[in-house]
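For reference, the structure is listed below as structure tokens.
The values are calculated or read from the model by the stated rules, or taken from the named source; none is laboratory data. Given the structure is predicted, the values throughout are model-derived calculations rather than measurements. With ideal geometry, Cβ positions are generated from the backbone for all residues, glycine too; neighbour counts draw on all protein chains shown. With ligands, DNA and RNA removed, areas are computed over all heavy atoms of the protein, side chains included. Shrake-Rupley method; radii C 1.70, N 1.55, O 1.52, S 1.80 Å.
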Amino acid sequence: MDTKAFRRSLQQSNTYHRKGFGHQEEVAEVMDNAYQSSLIQQIRQNNYILTQGNVTIRLAEAFGFCWGVERAVAMAYETRQHFPTERIWITNEIIHNPSVNQHLRDMNVEFIPVNDSDKDFSVVGSGDVVILPAFGASVQEMQILNDKGCKIIDTTCPWVSKVWNTVEKHKKKQYTSIIHGKYKHEETVATSSFADKYLVLLNLAEAEYVADYILTGGNREEFLAKFANAYSANFDPDRDLESVGIANQTTMLKSETEQIGKLFERTMMQKYGPANLNEHFQSFNTICDATQERQDAMIGLLEEKLDLMVVIGGFNSSNTTHLQEMAIERGIPSYHIDSSDRILEGNQIQHKPLNKDLEIATKWLPEGEIIVGVTSGASTPDRVVEEAIQKIFAHKALAVTV
């Protein structure tokens, strides 16, 4: 399938929409009421610090809703305003935030059902309105919806689209796309659908395994078993790793994506020589600005004196998880929550440790004066951050009086 030609054809269709419908002012007011926070604005204006009683909150200097997320949510709200009576579907969560997705459900936006990991598009009828989320959708999903005659509202983040364009360049030169990401993540599923040949790598350790295989060979069956479900159909490591291009899920750790790119550049230079590097390696900067800003801000926050860290965002949010990872690497007690509801009575918190299931921690707020670092993922509204901070203040004050 010529994915580039299909996208071009789809975008020229009168059933495809990638811009708003002229309801920006009404939607902006609704979103401000639902998601903005006067307290967070106050903290920003106070050099990102707020003290109440014996608790000091230090906010990261970049956190929460990014431009791409805000744009996607606004477009979804506009879609309901523009199509007040039509049946509206969304192919996945608009963003990885439970409160935002619930707001859409409350607006009678329906989510495509999933049966045994497969989306059931049979529920969608001709003429229905279908929203593609900020992460994008696979070419195959877009084709199904186009063939059904649906009105397609594409909220895909432009940074994600930029990665798709990079993968198209790899394909044009018959390079295998090495995608730094999580192979099950919606964004990576969408990105890989534009490639002829691809291999998804979760981290630097997996990249080092592949680099070693390129240089010295290895057990083909072991390789295929190790990366099962993370490569394209009929992928052969002995054939398909001669020329590679680097791409990434936009929410991965910037530093690790850069390390992986440099590793493969050195590997191809070592195997084929500096003069032939461009025939075997290609790399473009596809790291999202917002992801980079939030990670840089987290680095700055972790330089401060902190007693603990609270990271707020959806549990399936990749960029939020990486912020949590950064705190853990610094040895700071860290709690990943998706809403203030996780902060419980009796100085308890229900949180998600890295790569583990939810658990409850007791006495998580230490006695005496404390400094709490706070950040949030790119899909988290300021209002959610405010609610968590207010609960920390209230529970700490209660602990003092008890």
**Message:** Tell me which DSSP H helices of the chain clear both cut-offs, 15 Å or more of axial length from alpha-carbon atoms and a mean Kyte-Doolittle hydropathy of at least -1.0.
**Reply:** 24-35, 67-82, 204-216, 289-302, 318-329, 382-401
**Sorted peptide list for 328-334, 377-383, 52-58, criterion being average Cβ within 10 angstrom, highest first** = 377-383, 52-58, 328-334
**Prompt:** What's the FRET efficiency of S232 with T362 using the Cβ-Cβ distance as r and R₀ = 51 Å, to the nearest 0.05?
**Reply:** 0.60
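Calculate the all-directions average of the projected area of segment 24-100's alpha-carbon convex hull, and give it in nm². Walk me through the numbers on the way to the answer.
Numbers: hull surface 26.9 nm².
The orientation-averaged projected area of the Cα hull of segment 24-100 comes to 6.7 nm².
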**Request:** Between I40, I94, I312, find the one with the highest GNM mean-square fluctuation for the chain; connect C-alpha pairs within less than 10 Å.
**Result:** I40
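Placing +1 at every Lys and Arg Cβ and -1 at every Asp and Glu Cβ, with all other atoms neutral, what dipole size does the chain have around its Cα centre, in debye to the nearest 20?
Details: 39 positive and 54 negative charges, 134 e Å.
In debye, rounded to 20, the chain gives about 640.
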**Prompt:** What is the local net charge at I343, summed over the other residues whose Cβ is closer than 12 Å to its Cβ (Lys, Arg +1; Asp, Glu -1)?
**Reply:** -1
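By the scheme Lys and Arg +1, Asp and Glu -1, what is the net charge of all other residues having a beta-carbon under 13 Å from that of A207?
Working: positive: K226, K262, R266; negative: E206, E208, D212, E256, E258, E265.
Cβ neighbours under 13 Å give a net charge of -3.
Could you pull out the GluC sites (Glu not before Pro) across segment 260-326 that fall in loop regions by DSSP (anything but H, G, I, E, B) with no more than 13 other Cβ atoms inside 10 Å?
Values: sites: E265, E279, E293, E303, E304, E325; in loops: E303, E304.
Passing sites in segment 260-326 are E303, E304.
From the C-alpha coordinates alone, can you work out the Kirkwood hydrodynamic radius of segment 359-402, in Å? Provide the component values of the computation, followed by the final result.
Working: mean 1/r = 0.0832 Å⁻¹.
Kirkwood radius, segment 359-402: 12.0 Å.
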**Asked** Given W67, H170, P133, which one lies farthest toward the positive end of the charge dipole of the chain, if we put +1 on the Cβ of every Lys and Arg and -1 on the Cβ of every Asp and Glu?
**Response** H170
**Complete:** In deg cm²/dmol, rounded to the nearest 500, the helical mean residue ellipticity at 222 nm of the chain, built from -39500 (n - 2.57) for every DSSP H run of length 4 or more, is -13000 deg cm²/dmol
**Item:** Within segment 184-206: backbone nitrogen closer than 20 Å to the Q11 label point (7 Å, Cα to C-beta)
**Value:** 187-196
**Request:** Go through A207, M309, T320 and say which Cα lies farthest out towards the positive end of the charge dipole of the chain; charges sit on Cβ, +1 for Lys and Arg, -1 for Asp and Glu.
**Result:** A207
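Stick to the Cα atoms of segment 90-245, pair each with every other, and give me the Kirkwood hydrodynamic radius in Å at one decimal.
Values: mean 1/r = 0.0583 Å⁻¹.
Over segment 90-245, the inverse of the mean reciprocal pair distance is 17.1 Å.
Sequence gap at least 6, Cα distance under 8 Å: using those rules, report the relative contact order of the chain to the nearest whole percent.
Details: 687 pairs, mean separation 79.4, N = 402.
Rounded, it is 20 percent for the chain.
Could you rank the peptides 19-32, 105-118 by their average count of other C-beta atoms within 10 Å per residue, with the highest value first?
On the way: 19-32: 13.5, 105-118: 11.6.
My ranking of the peptides, most packed first, is 19-32, 105-118.
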**Message:** Two decimals, Cα atoms only, Kirkwood Rh: what is Rg/Rh over segment 106-167?
**Reply:** 0.98
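What number comes out for accessible area per residue over the chain if the probe is 1.4 Å? Units Å², please. Could you put the intermediate results ahead of the total?
On the way: 18110 Å² over 402 residues.
For the chain, the per-residue accessible area is 45 Å².
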**Item:** Gain on full stretching of the segment that runs from E29 to E221 - 0.36 nm per residue minus C-alpha separation
**Value:** 63.5 nm
**Request:** Give, as a single signed number, the net charge of other residues whose beta carbon lies under 11 Å from the beta carbon of P381, with Lys and Arg counted +1 and Asp and Glu -1.
**Result:** -4
**Fill in**
With Rh as the Kirkwood radius over Cα pairs, the chain has Rg/Rh of 1.00
